[in-house]
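Everything below concerns the one structure shown next.
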Amino acid sequence: MLQFLLRRTFGAVVILFLLSAFTFFVFFGAGDPATMSCGKNCTADNIALIHQNLGLDKPLTTQFWDFFVGIFAGRDYSIGHCSAPCFGYSFATKQDVWATLVDRLPTTASLAIGGAAVFLTVGLGTGLLAAYKRGSVLDKVLTSVSMVLSSAQIYILGPIALGLFVYSGLMDSPKYVDFTSNPAGWFMGLLIPWLVMATIFTAQYTRMSRSTMIEQLQEEHVRTAKAKGMSSAYVFLRYAWRGSLIPIVTILGMDLSSLFGGAMITEFTFQLAGIGRLAIDSVLTLDLPMVLGVLVFSAALILVFNIIVDATYAFIDPRVRLS
């Protein structure tokens with residue numbers, strides 16, 4: 001296990017380095033970032049000063065190396081020291097990029113964790129029920145509903161939910177409230193986005209859990225357990241259900257990594273100040289350091305979640321061995 005984790009971690013660092021290099025050279029090599037940072041009514045002296053302050057007067061390869069090293073060791077600017085992990089300073093707000101990401105992360109994390117808890121619970125529950133009642137009317141109804149809901153989109157269901165609950169006066173507009181200071185406000189503020197996300201994601205998990213459970217019921221060890229006289233419910237939950245979790249964990253890891261990296265459409269639809277909304281605003285204002293920081297941060301989260309998912313396989317199913 002340790003060798004596997006070390007190997008995957010090294011591979012993740014290599015991928016992160018290549019992705020950072022590609023993104024940096026595309027963004028900073030396509031034009032003059034100093035002009036974007038300076039804004040309107042900018043003089044040549046101001047551009048020269050920005051080049052010096054941000055290190056843009058150096059070769060592009062040197063600029064990238066300073067940026068990548070700064071992520072792990074910090075970096076010195078003429079305006080002060082940027083502590084590790086340093087992604088530079090925003091062109092638009094002049095704030096530390098990493099500090100801004102950390103400030104937006106609780107909103108995105110709350111949206112991702114709460115939404116995942118809802119759609120995972122409902123999706124797995126309905127999927128297992130459909131598999132247990134395979135061929136029944138209930139199975140057909142649940143399968144049909146999940147197929148219809150799987151075609152829905154957040155940018156369609158979001159405005160509908162806002163019209164039904166917010167614009168009608170039944171609930172307040174979605175917002176993020178710090179959990180430690182007001183748990184009830186935190187829950188109610190994100191309830192509508194959670195329900196919309198659950199409506200869409202639940203369909204996927206219902207269909208996946210149903211199909212994998214039916215497949216597991218055909219495995220030899222499950223049939224052997226039935227032959228030994230164990231009850232169907234016990235075999236269903238003790239043997240088949242555990243083996244069916246592997247593809248579910250894979251999809252969940254991908255969904256969580258994308259949600260933590262910033263659910264752009266969800267945050268934009270409900271006007272939540274998370275990492276996804278930050279990415280959209282940064283692109284619209286050509287805030288290159290912020291866009292680069294969001295991309296690297298999101299890529300790192302995706303790689304970390306992939307490693308966690310792979311390492312979880314052996315604990316879920318003893319038949320899986322990491323090599």
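The values are calculated or read from the model by the stated rules, or taken from the named source; none is laboratory data. Computed from a predicted model, the values in this text were never measured in an experiment. Cβ sites come from the backbone with ideal geometry, for glycine too, and all protein chains shown count toward neighbours. Remember, those area values only see protein heavy atoms, side chains included, never the ligands or the DNA or RNA. Shrake-Rupley method; radii C 1.70, N 1.55, O 1.52, S 1.80 Å.
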Selection from the stretch 254-279 of residues modelled with pLDDT under 85 and more than 17 Å from Phe119 (Cβ to Cβ) yields Gly261, Gly262, Met264
For the stretch 98-105, does any single residue satisfy the condition of being closer than 20 Å to Leu252 by Cα and at pLDDT 85 or above? yes
Scan the stretch 254-289 for residues that are among the acidic types (Asp, Glu) and open to solvent by less than 10 Å² (accessible area, probe 1.4 Å) and report the count. 2
At least 1 residues that are touching a Cys at 6+ places or on another chain (Cβ under 9 Å) and under 19 Å from Tyr176 (Cβ atoms) in each: list the helices (runs of 4 or more DSSP H) lying fully within the stretch 238-308 that qualify. none
Considering each of Gly169, Gly185, Gly189 in turn, give the residue that is of a type outside the set (A, V, I, L, M, F, W, C), open to solvent by less than 70 Å² (accessible area, probe 1.4 Å) and not in a helix (DSSP H, G or I). Gly169
How many residues, within the stretch 192-207, are open to solvent by 40 Å² or more (accessible area, probe 1.4 Å) and modelled with pLDDT of 85 or more? 1
Of the residues that sit in the stretch 227-253 and are open to solvent by 70 Å² or more (accessible area, probe 1.4 Å), of a type outside the set (Ser, Thr, Tyr) and modelled with pLDDT under 75, which one is farthest from Phe119 (Cα to Cα)? Arg238
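Per-residue answers, yes or no, for (1) closer than 26 Å to Tyr176 by Cβ; (2) open to solvent by 40 Å² or more (accessible area, probe 1.4 Å); (3) in contact (Cβ under 8 Å) with a residue 40 or more places away in the chain:
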| site | (1), (2), (3) |
| --- | --- |
| Phe68 | no, no, yes |
| Gly80 | no, no, no |
| Ala84 | no, yes, no |
| Ser90 | yes, no, yes |
| Trp98 | yes, yes, yes |
| Ser110 | yes, no, yes |
| Ala116 | yes, no, yes |
| Thr121 | yes, yes, no |
| Thr126 | no, no, yes |
